[in-house]
Each structure stands twice: as structure tokens, then as C-alpha cells.
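Below is one structure; the comments refer to it alone.
The values are calculated or read from the model by the stated rules, or taken from the named source; none is laboratory data. Just so it is clear, the model here is predicted, and its values are computed rather than measured. As a convention, Cβ positions derive from the backbone with ideal geometry for all residues, glycine included, and neighbour counts pool all protein chains shown.
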């Protein structure tokens, strides 16, 4: 084959297939292939793909009772699949038309409660039957071949020749000798690579500016509000009860770290109450307020068992003892729940005396430093 | 192609002509034939990976549908939709769009539940597929790369699961997100920085759902899709492994060609998987977000649990003792860091490195295409069972509050049982599995040497009773089988070697001639009919060697 052809009007290359064509097309001429049967051709092709059909269990004989039974079975499966599919369609389209409306209604029974299950049941049945029909067809109506295909390991020829091309190309670049280029490439590569990653820098923000993890909206004089926004007086709660309170700031009841539990201790709890050192005056009378955000993984600790004075976090079952400064007594939490210092303002409503004196919520690396 | 147009064998039918036109342009006949002729081995356990693949297809289809309605915005809106109990409630636009999808889109709830069920099945199929690969040694050279890709797929499926179930922004998913936030914060040194990068500030911020959404619908699926493509490409390139058996060697694959037998079965399996997921999606309620309510950082419901595949990490978090490490300079490594970051890190590193570790320890550098039966590799099998026991203890502990409540057990006792169980059950599982493997190996050898127990008792002339054993192959002069164990299942019952004739087909009345079946079996050397000359004489005991045999008639 030549890449140069000087014939007048030629585009420059020979217009006949080169001798590299080769392969089975040379071994088997169209005339020879025309003499072979379909089965022979199938097996011939398979042989070129290193596949040999060892053994064939023939399909059931046409017209035999076995075949008839199998055909009936497969056809019935497909027909049922179609039936279920159309039934699903009727329910989907017909609801709200000639069938009752599919939309949810307050009674939670009737057609709206059946709509989704029916679609699922019929649709699922239909698709499953399609699958079953296909498997039955394959198993009962197709001949069972046992074929064997050879595995080829990597070819030594391919490795050597590819290696030669790669090494040759690399050699021609002369990069091994031309150190100046290699060095400038390394320099360029690191520079361009970093430059392409540069925009990700916009994601990085300093978590320590203003200590957002250590502060909440609580501050001196901020009232304790219920979720509905009403303030609380000391007489409002029964002994032994717990109320979740929020700071009286806009959106205070949606803040992720401000939720606080206001607990009124029972008299017998008051008598054994041992707050943490330096926090003896954080409570007000028989009231104490602790952060609701678990010091373990940040879930709201919600389950207060006043008989045992324990608050349980439902996420990982840390337990905190209310009469011991909300000290963790069981489970994975390590730190007590921070206590909110509270008092009563001149109108008689509960207010915070300051923000929490430590960070609320889960522990982090430099928590103790800020 | 004037040459072929005049050549013999040119198709005359319309379809044939169309095919030639097609191939003239695209030249696909060769590759197509190679694909159609590809041989797939036939074993049920090879379908597990397919189930994962089909679940992924279902996930792509159903997920695309969900994106038509879902809105990843965290702006506060007031619900005014169909679901009466929630009307007037403040919630994020994300949660509102989830409710809209569930209550105001015809069939939307069905698709959402299909998506969730398919996700659960996807991870489950991957895990079981991984177990199959592990216990049969299919990860050995040359398939380490595909093992690594598989581990990557498993990790990505976790990422898909987590980002996916955070999207509805209901109370449960918000609680999960809160825990993730705490986990990120717990990373030493960079935790708070990573948190600020991911959430664009303190928890919860305004951006996180939009970011999770794009990760869930574009970034991770794209990587998943690419990795699945490489996974399958490598599988085609390296060809399947197969269990040892007649005619099966390290250099071939015995089974069905892709077309039509394998394609029929695989296509059938796809529809069955699709059908089962669809039925689950319609009939079995999952994640009824309207019952959980909108996310509120101050609220949580009892028994808040993640989807099953993350439960083991929830379990480890519950079990890990309260051990903060306080470093000089007032730095802290939170206890939460160990069970949620370090432990999965170790688990997945060990899993990914296992093929390399085993290769180093066994010095087995050879290529393997024949699978191993778990009993034949007792150490690996026992290690796997040990890991599985560890995993199951964590999984159960992930729901220990529910178990404690349902069975009226102390919650603290459940936690301690988990902590102690985590240490003592895995070694027990190792020892037990090892003994079982050895026992099974011994029984295989026993059958090969002494034959199958036939259940036929015979009285010898001197009065002794023996149970007649059926040798599986030729025997030596002592009556001992000469077959060596080849790694393939050894028949353990007479019916497995054709002790009984196969049943005549037909449900109400026979649809084939018993005589024909008899002839067929005789031809294929199946069944007792073909084995009249087989020897059924020895007791199979070594002491029978050299004893006078019963005269044969």
C-alpha cells in the first residue's frame, strides 16, 4: 500500500483496499459462505469468537404436548401481564374521572387510600409477570446450549509492540534529555492545576470569626419563650415538668442551637440537686434551664424521665442527670448539657442572665480554646 | 460496496437489506457477533450484581421523574396543599415540594416510594454481591481492580443514600443531617473548617439542601455511572469466573451464549426486579414524610434511625464509650470521631486492601478464574464471617432502642450487650466457621473415599449388617474411591447422582411418554436405569477392604 499516487485526478492515496485487510474474509469467500447452512454459519462465527457449542438439549418438538403446554403457559403469563398493565392504566387514568378521586382526603380510607397500593400491586404484578414469562420462555421453549469460550491472557505480541510505540514516541520527544522542558512542565503543571482548583477557595470560610459555634442568641434580659411565642412565669409549670423554650429574638424558635429545656424540679429533686461547680446560682428557685442540644451529636435531647431525673437523647441514648448539672451518666456523650443562667425580670417572666458560658452542641477540636 | 452487492449470499429480504445498509455505515456486525456469542456461566449467585445494576436503572428512571417536582430551596413557606393536617404550617420549600409530590401529583407518591425501595435494594444487592465475591475468592488476581471499583461503588451508594434521604427536609432527615454536621465538626484540626465549607457556615444555613441536591442528582450519579461502565467493561474483558465443574478450567468459561438464552434470563430478571420494586413502592409504605413533620432543630422523634445501610454506623456511635481525648493546648478529639469516621475508615480500607493482604499472606500471585467453595478456604471464610458478625452486632445496636422497647429489655443492658458482643462474638464466629468448614471438607472427602450412603442395609453371609455405599467413581482393591476432590460440589444424596428418575412432566395429566423419558435417561447415562451394572456392595468402611465381596449375579 502506498500513500502516494501520482495518477491524474487522484486524491493521493491508492483507491483499493490494501493487503492488510486479511482475516476470515480471506479464508471464507462469499461463494463459500453461501454454500453453508445457517447453523454452520452460526457455529463458524462462534468459533472465530473462541466459542464452541458442546452440547445442545433441543427445544421441545414442535407440536408435541410438551411444547403446547409450554406455549400456553408462556402466552398466559404475557397475557396476564398485559391485563394487569391495562388495569393499572385504567386506575391511573380513571381515578377522578369515572372512578372516585385519587387525592388524599381526611377520612384516610376509601379510594384515595387504595390508589397507590393498587397501582403498585397491578404495575408490580405486570412487570413481574413479564419477567416470569421471559424466564419461562427461555427455560421451556429454547434449546439449552452448553457453550464453552476460551479465555485469552494478555498477548505478548501486543505488549512488546505497544511498548515499542510508546517508548519510541516518548524517546522522540527527548524529554529525558531536555531537562529544562521537564522542569518547566512540572512547574507549569502544578501552577495550572492549582489555578484550576482555585475557585473552590470560595467554599472556604473562617469558622472562628465571631465564634459562631460558641454563641447563641441568648443574652442578658432575653426572655424565655415557648414555641408559640408566649413568655413563662415561675408559676406556670408543674413540678417535674419540662418545657422547651426559645430566646425572644426574631426566628428564635427555629435556631439550631438555642433550644433550651426549662425544667421545674420536684421538691425531692431540689433536695439532692448538685449543680456544677460555679453554676450553683444558674437556676431560679426550683427551675433549671439546660441546653436541649445534645453534646454528643447535636440531636435535641427530648425524653425526660422525671422519676429518675434523667434526660435521654433518642439518637444515641446518652443520658444526662438533671440533678447533677446534666452530667452524662450513660451512653456516648462526654460533656454535661450547658446550663443557661436564668432569673425573672421585673414583669415576672423568665429571662436569661447571659448567653451560655460554654459552647452548646457537639464537641469540636478547638472548643475549649474559645 | 459494489463488490458485495453482486456477490452470492446477498440478503434478499427487506430486513436483511436494511441490516447490510446499516453495517455498511456503522460496521457493527463483527463486534455484535462477538457480543452475542459471549458465554456467561450459569449460577444463581452471579445474578446478585445484576440485581444491583437493575436497581440502579430503576433509580435513574424514578429519580429523574422526582426532579420534575422537587425544589431544593430552604426558603420558609406556609403549606396550603391537599394534606389537611399540615395546612398553615411553616416549612421549607423543599419539604413542601415533597408533600406536593406525594399528595398532589398523580402517582407521585408511588414513584417516590419506588425510588426509596430501589435505593434500599441497590445497596443490599451490592452488599450481598460483595459477599459472594469475597467468599468465593472472585477478587483474586486479575480482578483486584474490579474489587476496588466495587468498593468505590459501595461507598458512592452510601453517599447517594445519605444525600438522597436528606433532601425531603422532614424531621427525620433533618435529624440525620444534624448528626452528619456533628460528625464533620468532630474531625480533628480541620473539622470546623470542613463544616463551614460544606454548610457555608454554621448548621444549618441556607445552602446545604441545594448542594446535597446537585451532589445527589449529578455529581455522584455521574461518577457511579462511569464506574459501573468500567466495572462491566473489565468484566467483559476479563470474562466471568466460574465454579469448578466438568469441563471447566482456568482457561475457559462454560455456560450459555448471550443470545438468546442469557439475554432472555437477564431481561426476565430485570423485569422481575422492577416488578418487585414497583409492588413494594405501591404496597409497602416507606418514609411517610408527612407523618414526621417539617424539620425543627428542637424536635426529634423516638427511634430515629437511618436507612438500613447506615445503621451499623449508628450502632457503633451508640456503643462507643464516652471517651473525648483532651490534648495539651486545650484541643479535643471528640468521642464521636472514632465510631463515625475512624471506624468506617478502617473497615473500608481493610475491605479495599483485602485482595492485596491475602496475596501477601498466601504468596498466591497466580491468576484465578475458577472460584473457590467457601469451605475450601477456611481462613478467608472465617475472617469474612468474623467481619460479618462484627457488622451484625453494630447493625442490631443501631436499633437497640427499638429492641429494648419491643422486648422490654433495659436500654442500658442492650448497649452493654452490644459493647461486649462486639468484642467476643466475632472471634466466636471465626472459630465456629473454621470448625464448620473443616467438617464440611472432611465429609466431602469421606464421600469421595467411601461413597454415598444409599440407605440400603444388607446382611452379609456371616450375619453382619452393613449399609451399602455407592462409590462415585472407580474404586481400588480396598473398595476406596479414587476420585480426588476437585473443588466442585460433591453429591451427598443418591438422587443427585440419578438415584431417581426425573418426574414425568405435566400438571393435570402427563404430557410426555414415560418410556421416552426412560430412553432419554439411559442415553444420557442418568438414573438407575443406566446404572444396572454399578456396584452396590461395600459398606464404605476402611475395614471392608479385602473382605470377600458379595457375589454378583
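Going through the range A:104-117 one residue at a time, which ones are within 7 Å of chain B (Cβ to nearest Cβ) and either in contact with a strand residue (DSSP E or B) (Cβ under 9 Å, 6 or more places away or on another chain) or closer than 17 Å to residue B:277 by Cβ (or both)? Scanning the range A:104-117 gives A:116, A:117.
Taking the criterion of being under 22 Å from the mean Cα position of the chain (by Cα) and either more than 12 Å from residue B:47 (Cα to Cα) or more than 8 Å from every other protein chain (Cβ to nearest Cβ) (or both), the residues of the range B:254-271 that qualify are B:255, B:262, B:263, B:264, B:266, B:271.
Yes or no, residue by residue, for (1) within 27 Å of the chain's Cα centre (by Cα); (2) loosely packed, with under 15 Cβ neighbours inside 10 Å; (3) within 14 Å of chain A (Cβ to nearest Cβ):
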| position | (1), (2), (3) |
| --- | --- |
| B:192 | no, no, yes |
| B:203 | no, no, yes |
| B:206 | no, yes, yes |
| B:210 | no, no, yes |
| B:216 | yes, no, no |
| B:221 | yes, no, no |
| B:233 | yes, yes, no |
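Quick check on the range B:169-190: of everything there that is facing chain A (nearest Cβ under 7 Å) and crowded, with 24+ Cβ neighbours inside 10 Å, which residue is farthest from residue A:360 (Cα to Cα)? Step by step, filter the range B:169-190, then rank; the result is B:175.
Within the range A:178-195, the presence of at least one residue that is assigned to a loop (DSSP other than H, G, I, E, B), surrounded by 10 or more Cβ atoms within 10 Å (Cβ to Cβ) and away from every other protein chain (no Cβ under 14 Å) is confirmed. Here residue A:312 does not qualify as within 14 Å of another protein chain (Cβ to nearest Cβ), touching a residue at least 24 places away in the same chain (Cβ under 8 Å) and under 41 Å from the mean Cα position of the chain (by Cα). If you go through the range B:490-528 and pick out every residue that is at pLDDT below 85 and closer than 30 Å to residue B:374 by Cβ, you end up with 8. Is at least one residue of the range A:57-70 touching a residue at least 12 places away in the same chain (Cβ under 8 Å), surrounded by 12 or more Cβ atoms within 10 Å (Cβ to Cβ) and closer than 30 Å to residue B:277 by Cα? Yes, the range A:57-70 has at least one match.
Within the range A:238-255, the set of residues being without any contact (Cβ under 8 Å) to a residue 24 or more places away in the chain and within 11 Å of chain B (Cβ to nearest Cβ) comprises A:246, A:251, A:254.
Somewhere in the range B:106-114, is a residue over 11 Å from the mean Cα position of the chain (by Cα), closer than 30 Å to residue A:100 by Cβ and not in a helix (DSSP H, G or I)?
There is at least one residue in the range B:106-114 that is over 11 Å from the mean Cα position of the chain (by Cα), closer than 30 Å to residue A:100 by Cβ and not in a helix (DSSP H, G or I).
Against the test of being over 30 Å from the mean Cα position of the chain (by Cα) and surrounded by 24 or more Cβ atoms within 10 Å (Cβ to Cβ), the options A:282, A:320 yield a single qualifying residue, A:320. Considering the range A:337-352, and only residues there that are farther than 16 Å from residue A:249 by Cβ and surrounded by fewer than 22 Cβ atoms within 10 Å (Cβ to Cβ), the residue that is farthest from the other protein chains (Cβ to nearest Cβ) turns out to be A:346. Taking the listed residues B:59, B:53, the one that is in contact with a helix residue (DSSP H, G or I) (Cβ under 6 Å, 6 or more places away or on another chain), touching a residue at least 12 places away in the same chain (Cβ under 8 Å) and in a helix (DSSP H, G or I) is B:59, with no other qualifying. Residue check: residue B:373 meets all listed conditions (1) away from chain A (no Cβ under 14 Å); (2) surrounded by fewer than 13 Cβ atoms within 10 Å (Cβ to Cβ) but one, namely (2).
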